[in-house]
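Here the structure comes first, spelled out in structure tokens, and everything after it is commentary.
The values are calculated or read from the model by the stated rules, or taken from the named source; none is laboratory data. Source: prediction; values computed, not measured. Quick reminder, even Gly has a Cβ in these numbers, built from the backbone with ideal geometry, and neighbours come from all protein chains shown. Quick note on the areas: whole protein, heavy atoms, side chains included, nothing else; ligands and nucleic acids left out. Shrake-Rupley method; radii C 1.70, N 1.55, O 1.52, S 1.80 Å.
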Amino acid sequence: MARTEEAAAWFSAVYRAVQQVPVGKVTTYGHIALLLDHPERARQVGVCLKHLPSAPDPDDRYSQLFNGGNVPWQRIINSKGAISPRGPGGAQRQADVLTEEGVEVEYDGMEYRIKLGTFGWFPKALPSEDEAGSGDHC
DNA sequence: AGCATGACCATTT
DNA sequence: GAAATGGCCATGC
């Protein structure tokens, strides 16, 4: 796990944020980072999920707080709207779980992509660019 | 102790 | 618009 207190706090914060993602929806690493007010640490979000214990371990107290059972790691995808490739079979398992939850995932031959419009993920939410007011196209 | 790697992303060539 | 660039920082060697 984390070596420093601060890192530990970061891990916990990430897990808590991920827990907010509702069933049937997905969001991005970047969005999680954004929610935590650290838009530059999208990568660390991935690190956290990588180290998320898949199941609670009697000897590891922390794993009883956060684990694959209560943290929907599978609902986090990359900004391209695809499941980030990782070790063999990993992405596929994630795609599998998502499908179970009702999220439409399709394999285009190279990667598992989330079918947009079927669930409502927010790629770069945080817009509020004030663009709305104008109303005209760029 | 460094150095390399990685479930990433936005920006700049 | 694809490819490189810089930043992030926990882990592993």
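For the range A:45-66, the criterion of being hydroxyl-bearing (Ser, Thr, Tyr) and either in a helix (DSSP H, G or I) or closer than 17 Å to A:Lys115 by Cα (or both) is satisfied by at least one residue. Mind listing whichever residues of the range A:44-62 are closer than 15 Å to A:Ala17 by Cβ and either touching a Pro at 6+ places or on another chain (Cβ under 7 Å) or within 7 Å of DNA strand B (Cβ to nearest atom) (or both)? The answer is A:Gln44, A:Val45, A:Gly46, A:Val47, A:Leu49, A:Leu52. Based on this model, can you work out whether A:Ser79 counts as more than 18 Å from A:Tyr15 (Cα to Cα) and within 13 Å of DNA strand C (Cβ to nearest atom)? Considered against the rule, which asks whether it is more than 18 Å from A:Tyr15 (Cα to Cα) and within 13 Å of DNA strand C (Cβ to nearest atom), A:Ser79 comes out as yes.
A quick yes/no check of all residues on (1) among the acidic types (Asp, Glu); (2) open to solvent by 50 Å² or more (accessible area, probe 1.4 Å); (3) modelled with pLDDT of 90 or more; (4) under 13 Å from A:Thr27 (Cα atoms):
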{"position": "A:Gly46", "(1), (2), (3), (4)": "no, no, yes, yes"}
{"position": "A:Asn78", "(1), (2), (3), (4)": "no, no, yes, yes"}
{"position": "A:Pro85", "(1), (2), (3), (4)": "no, yes, yes, no"}
{"position": "A:Pro88", "(1), (2), (3), (4)": "no, yes, no, no"}
{"position": "A:Gln94", "(1), (2), (3), (4)": "no, no, yes, no"}
{"position": "A:Leu98", "(1), (2), (3), (4)": "no, no, yes, yes"}
{"position": "A:Val103", "(1), (2), (3), (4)": "no, no, yes, yes"}
{"position": "A:Tyr112", "(1), (2), (3), (4)": "no, no, yes, no"}
{"position": "A:Trp121", "(1), (2), (3), (4)": "no, no, no, yes"}
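For A:Pro72, the conditions (1) under 25 Å from A:Ala95 (Cα atoms); (2) within 13 Å of DNA strand B (Cβ to nearest atom); (3) over 13 Å from the mean Cα position of the chain (by Cα) are fulfilled apart from (3). Within the range A:57-76, the set of residues being crowded, with 16+ Cβ neighbours inside 10 Å, without any contact (Cβ under 8 Å) to a residue 24 or more places away in the chain and more than 14 Å from DNA strand C (Cβ to nearest atom) comprises A:Asn67, A:Gly68. Residues that are part of a loop (DSSP other than H, G, I, E, B) and under 20 Å from A:Gln20 (Cβ atoms) were ranked within the range A:85-102; the one that is nearest to DNA strand C (Cβ to nearest atom) is A:Glu101.
Restricting the range A:1-41 to residues that are surrounded by 14 or more Cβ atoms within 10 Å (Cβ to Cβ) and of a type in the set (Ser, Thr, Tyr) leaves a set whose member that is nearest to A:Val97 (Cα to Cα) is A:Thr27.
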